[in-house]
1. Looking at segment B:204-219, can you tell me whether even one residue there is in contact with a strand residue (DSSP E or B) (Cβ under 8 Å, 6 or more places away or on another chain), farther than 29 Å from residue B:26 by Cα and either surrounded by fewer than 22 Cβ atoms within 10 Å (Cβ to Cβ) or at pLDDT 95 or above (or both)?
2. How many residues does segment B:155-182 contain that are away from chain A (no Cβ under 13 Å) and surrounded by fewer than 24 Cβ atoms within 10 Å (Cβ to Cβ)?
3. If you take the residues of segment A:263-303 that are in contact with a Ser or Thr (Cβ under 7 Å, 6 or more places away or on another chain) and facing chain B (nearest Cβ under 10 Å), which of them is surrounded by the fewest Cβ atoms within 10 Å (Cβ to Cβ)?
4. Between a residue in segment B:140-154 that is within 14 Å of chain A (Cβ to nearest Cβ) and any residue that is of a type outside the set (Val, Ile, Thr) and assigned to a loop (DSSP other than H, G, I, E, B), which pairs come within a Cβ distance under 6 Å, given they are 6 or more apart or on different chains?
5. Output the strands (runs of 3 or more DSSP E) that fall wholly within segment A:56-169 and possess 1 or more residues being surrounded by 18 or more Cβ atoms within 10 Å (Cβ to Cβ) and within 14 Å of chain B (Cβ to nearest Cβ), or say none.
6. Please specify each residue of segment A:1-46 satisfying the condition of being part of a loop (DSSP other than H, G, I, E, B), within 14 Å of chain B (Cβ to nearest Cβ) and in contact (Cβ under 8 Å) with a residue 60 or more places away in the chain.
7. Tell me the residue from B:245, B:188 that is away from chain A (no Cβ under 14 Å) and in contact (Cβ under 8 Å) with a residue 60 or more places away in the chain, please.
8. Mind counting the residues in segment B:58-77 that are crowded, with 22+ Cβ neighbours inside 10 Å, closer than 21 Å to residue B:111 by Cα, in contact with a helix residue (DSSP H, G or I) (Cβ under 9 Å, 6 or more places away or on another chain) and more than 8 Å from every other protein chain (Cβ to nearest Cβ)?
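The values are calculated or read from the model by the stated rules, or taken from the named source; none is laboratory data. A quick note: this is a predicted structure, and the numbers were derived from the prediction, not measured. In this analysis, Cβ positions are derived from the backbone assuming ideal geometry, glycine residues included, and neighbour counts consider all displayed protein chains.
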Amino acid sequence: MIESTRFGEYGGCFVPETLMAALEELEEGFRTIVPGPAFQEEMDYYLHEYAGRKTPLTFCRNLSRDLGCRVYLKREDLLHSGAHKLNNALGQALLAKCMGKRRIIAETGAGQHGVATAIAGAALGMNVEVYMGEEDIARQALNVARMRMLGANVLPVRSGSRTLKDAINEALRDWVANVHDTHYLIGSVVGPHPFPTLVRDFQTVIGRETRAQVLEKEGRLPDAIVACVGGGSNAIGMFTPFLGDPTRLFGAEAGGEGPGGRHGATLCRGRPGVLHGTYTYLIQDAFGQILESHSISAGLDYPGVGPEHSYLMDKGRVTYREVTDDEAIDSFLYLSRTEGIIPALESAHAVSLARNIAQDLGKDDILIVNLSGRGDKDVSQVAALAGDCL
Amino acid sequence: MSTRIGSAFSARTRPLLVACLVAGDPDLGESLAMIREVDRAGADVIEVVMPFSDPVADGPVMQQAIQRALSAGMNTDSLFSLIRDFRAESETPLVILTYANPVVQKGLGAFYRDAARAGADGVAVADVPLEETEPFCKAARDAGIDPILFVSQTTSDKRLEMIVERAGGFLYLVAALGVTGVRGEVDPATIECIRRIKGISSLPVVPGFGISSSHQVQAYSQAGADGVIVGSAIVKEVGDRVGRPGEMRIAVGEMVRALVADIV
């Protein structure tokens, strides 16, 4: 029986009994295999030689001048695959291989995690099958093609709303049926214990590097850090090494259409409940039925959030704010034109919140934005939406 | 403590049929008619599913039924009034099967209290394993409801001991690796699991998931099962006849009568 599965009151492992043996096995592997020198050495190779870590912490001259403080971007957009997702995909795929699993399944919304998992599977010689909602397959043809080129099998999900939430349901159903030889490589700090901790630990490389880099460049800790939060893996990975510091931490949620409209702002507007194995803030109706979320950015379009974020919000350690679709598009173009860096629409939410926070900062204050991914995948969508402005 | 479930199993002369329907499928009014039909056709225990939008333990047939019920406006308040209406005219044991969130949103105490007042005898929560079960079992026992817990072929002996200590009514044995849905095969690991449970507990053991045929019923009861749960096979009869309530009732009744006749 697994003990201690919570962040305060949040987290836990709300899954069918059939899956518990697999979660116990995974937790055991996480505790015994991951800290060992052999695993760490392999992980180092894949992160540094293969994926291109460490990623730069770029001092942005134009942004700093424009926003009136010292602005840095943590460049996860420069990681192989174009987003932070690969840190976790490589870590979990390596762990699954060490545990003797032959098959990996994953869920994906926009396709970024699916692509990262397909890359990890190809690099490590493992079979990968990715569940993806039919709606998302239609919207993200480029990433579907990338996954297939990388040798992964993309399985269309036709149940429910046919998006990310349903892809997770379908992956969990597959896992129940194939627990003996299959690892479910979940893409964010969500799901039953130990996933929120496991994924956090593989993403914390972002924050560890950032902390060392800013201390080296500035000789002191930053005043504020901003990251976007869908499930919340890039944010947790960035925040974790700073939790004991005085640095102010901000999470940007998908405000979608804005007040009164459809949204993905689970923490700002939701209520705690149980979904996908964990007790956390959710977008739901009065009777506990999960509602569909909305965001212009597929990576933030999820009606749940990592349970540790629920805990950090209640504790008052991290401040979460909403950024609307329109604000995200505006900041997508702003960063592209100001610095020559096209951000993922997810990361554009963090840029937008950073522009607001900068108004309260002085010219010597240090502001770090986690640029979780690059925007190539979003170029045609933004071009269509922002047509007149281009 | 509830006695209807206990009495039904202790008085049994053959394995019991637990017949499952989705509450509110295809709509609230017709759902009550369907439960009555299943009762009249001879089901020994009735299991009603309280729909949840994200049913990870369920296969396509149950998913579609759950979707139909939710679209027709099913919620926990309607569930209790449905059970109240049924209980006014029948003493057949009734079990609610649901997922954690509808229970959590109602409030654990309130959910089990309202379930007991409406006349339910047991509650099973598909995504609450041993690790999370304590507050659910406590609320159940406080309200006089049997906490029905799940066991699977992947459950270790150590977990099994802890589960039977906490469970009430009967043990719900997940008879297949996978989700609900008609399969037709006998699973050797399930046979083995029935024997394992019988070695350490006197609680009735009832396999469910994938069961619809008489040879499965016979194989599991010979191994010591005290009954079988049939869900998707019955719910499919509903789903195949949406919009034709008369035919639906006849088909569901016939299906249950055939299942009862097969159990010897």
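1. yes
2. Going through segment B:155-182 one residue at a time, the tally reaches 2.
3. Checking each candidate, the answer is A:292.
4. Listed by first residue and then by second, the contacts come to B:147/B:168; B:148/B:169; B:149/B:167.
5. A:103-108, A:127-133, A:153-157
6. Those that are part of a loop (DSSP other than H, G, I, E, B), within 14 Å of chain B (Cβ to nearest Cβ) and in contact (Cβ under 8 Å) with a residue 60 or more places away in the chain: A:2, A:5, A:9, A:12, A:13, A:14, A:15, A:16.
7. The match here is B:245.
8. Adding up the residues that qualify gives 2.
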